1. Put a dot 7 Å past each Cα toward the Cβ at A:Phe209 and A:Ala246; how far apart are the dots in nm?
2. Please calculate how many Å² of accessible area region B:164-300 carries per residue, with a 1.4 Å probe and no DNA, RNA or ligand atoms counted.
3. How large is the charge dipole for the protein assembly as shown, taken about the Cα centre, if only the Cβ atoms of Lys, Arg (+1) and Asp, Glu (-1) carry charge, to the nearest 20 debye?
4. Please give the net charge around B:Ala126, taking every other residue with its beta carbon less than 11 angstrom from that of B:Ala126, where Lys and Arg add +1 and Asp and Glu add -1.
5. Using the C-alpha atoms of chain A, what convex hull volume per residue, in cubic angstrom, is computed?
6. Where does the charge balance sit around B:Glu290 when Lys and Arg score +1, Asp and Glu -1, over other residues with C-beta under 14 Å from its C-beta?
7. Given contacts defined as C-alpha pairs under 8 Å and at least six residues apart, what's the relative contact order of chain B, whole-number percent?
8. Please compute the net charge surrounding B:Asn78, taking Lys and Arg as +1 and Asp and Glu as -1 over other residues with Cβ under 12 Å from its Cβ.
Amino acid sequence: MSHALQDQRPARAPKSAAPAGLTRGGLPRWAPAGIAALSIVLGCGIGVLADLHSKIQWGLIGAILFLVITYTASAVIENRRQAKDRIATSIVWVSFVLAVIPLLSLIWTTVSRGIKALDGDFLSHSMNGVTSFEQGGGVYHALLGTIEQVALATAIAAPIGLLTAVYLVEYGRGSLARAVTFFVDVMTGIPSIVAGLFILTTWNLALGFGPSGFAGSMALSILMMPVVVRSTEEMLKLVPNELREAALALGVPKWRMILKVVLPTAIGGIATGVMLAVARIAGETAPIMLLVFGTQLINGNPFEGAQSSLPLYIWEQYKVGSDASYDRAWAAALVLIAFVMILNLVARGIARWKAPKTGR
Amino acid sequence: MASTTPTQIDQAPPVSKSARSTGRAGDKIFAGLSKGSGILLLVIMASIAIFLTYRASIALSKNEGNFLTTFDWNASANPPVFGIAVLLFGTIVSSIIAMAIAVPIAVGIALFISHYAPRKLAAPLAYVVDLLAAVPSIIYGIWGALFLVPQLAGLNLWLDEYLGWTYVFDKTQVGVARSLFTVGILLAIMILPIVTSVSREVFLQVPRMNEEAALALGATRWEVIRMSVLPFGRSGVISASMLGLGRALGETMAVATVLSPSFLINGHILDPGGGTFAQNIAAKFDEANEFGRDALIASGLVLFLLTLLVNGAARLIIARRKDFSGANA
């Protein structure tokens, strides 16, 4: 991936190999790591001494110290061009660390707080008869709702998305295909709450149905379709044209060529795309809130009556605001994050295992 | 159709007339199906616009206030008075804060992954950043409200003390950091992955010759990036930021959990209060009567048009670069 890296190695090597001679004294190779360690220590030290409560301030002090020390050291010992180069490198490293910290913090918070209320009872019981301020209760009804709604949404969105991608790659020519491509792109950016409002206006207000898991599934499928189309399209484009031509040369009709040659070749990537899309919609709250309504009881029928879902459950428990409900919210968040991460990992696993073999 | 044709094809040699004709029938049906689902997507997009506009027009015809300038949202009252001024302000301000934080950091991460990280680590590191996108927004929301808000108290004091003279960072109300600024930080974390992944794809497509030419002239790594990578990737970064902006505009749950809403326009971004389109819909939906829902749908329509505009523009910028293929993230 980092193709520029090879170019730098030879450029750097002489510097450390020939301390005297061609290059004037440069910073030693361990300098960035050393300065980083020093600024972390200083950042924490200043944080403790100045009695700053928030770790964010500690981190920011450390990061700024790192940049300043790097620049000064390099400007003094090396030259200004080198100093600029070093400070750019430092900024790039710091920004990467800045991105990883929230992820780690979020996962750590969820796991450490969620583990408290999470046990077998939590997974196998609903909230039936549990008042908001007492301990106990569980997430079973929400988990069931999430799985049913996501399965229904996938059943709607995956075939449509797949066929659209096939149209775009195998059949699509001209202005219709261009319009579909453009609007699929735009559709990826539809806010989830707008998808929810759309189903609300059509299914609930215009057609007069009540809240149900299925209404939520339809909104989710709107969010899922463009994702499936894009990923499938990319995968179908990777299938070598020689395979198609070989099949057609044997007299196979085009639709059978697509079903028996093109799709099986790309099936790994397609499955990955669908699973990533599933992972994305499993965490959607807004449309569920508008359309599925939420309940404390187990409702196994997605076509009739209010259901619950994991994200909605977290939202409800958060809104209650008691200690017990916060514990439940974090535990449900842990369940949801585990669900999504497992889907993600499985998807990446399939992608690696069944990567299409291309000549390129 | 599908049940009969495969057997016939298997039995008959490909030259026979019957096989050919059934093949053609199957072709027509399959092509029709796939074309149909393509058209279905367009129909869905069109009907979103049509139905939202229809319900919104019902609400707007009875609105006693000015939809654009009223600082109030009493859609369920009689007569109904509601306006989007505060929501528009909050949505745009929080998105701008998110962009101001996320875009530089995302460009840094993209450069890190494409040009700085050790080669073997680049792919796993890219995956770690992508994981940020996999976390559901409601979890960002409760993390933001229960962890980030207390942690930001100190930073807010700093900003108020040292940058308070700028008016924007002047904190005039005491209270926890349930402000547009905190929402902006949270949104920045949420849009990092998409901005990063699109920028990264462009940076990886910089012609190698350009970089090597700069290196051969004795440029440092930063000079290579400034002279050949950034100019090449500029339009890609712009469109990536706009995709991120589209996400930030429409984010619901993270905003709804963190913000303590109020119907005031307040330029002091550290003060708690404000509101966004999506947050307002989520907060007001439960208590809204049928007319109140129509009013919320009207605000949803504005949000839809806003994101449509931003995303459409981003896609058009990307589409102008024919060789660029990483825009699907």
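The values are calculated or read from the model by the stated rules, or taken from the named source; none is laboratory data. Every value quoted in this text rests on a predicted model; they were computed, and no experiment measured them. Glycine also receives a Cβ, built like all others from the backbone with ideal geometry; neighbour counts cover every protein chain displayed. Each accessible area value is taken on the protein alone, full model and side chains, heavy atoms only, with ligands, DNA and RNA left out. Shrake-Rupley method; radii C 1.70, N 1.55, O 1.52, S 1.80 Å.
1. 4.5 nm
2. 34 Å²
3. Roughly 2920 debye for the protein assembly as shown.
4. -1
5. Output value, Cα hull per residue: 220 Å³.
6. Around B:Glu290, the charge tally is +1.
7. Over chain B, the number comes to 24 percent.
8. 0
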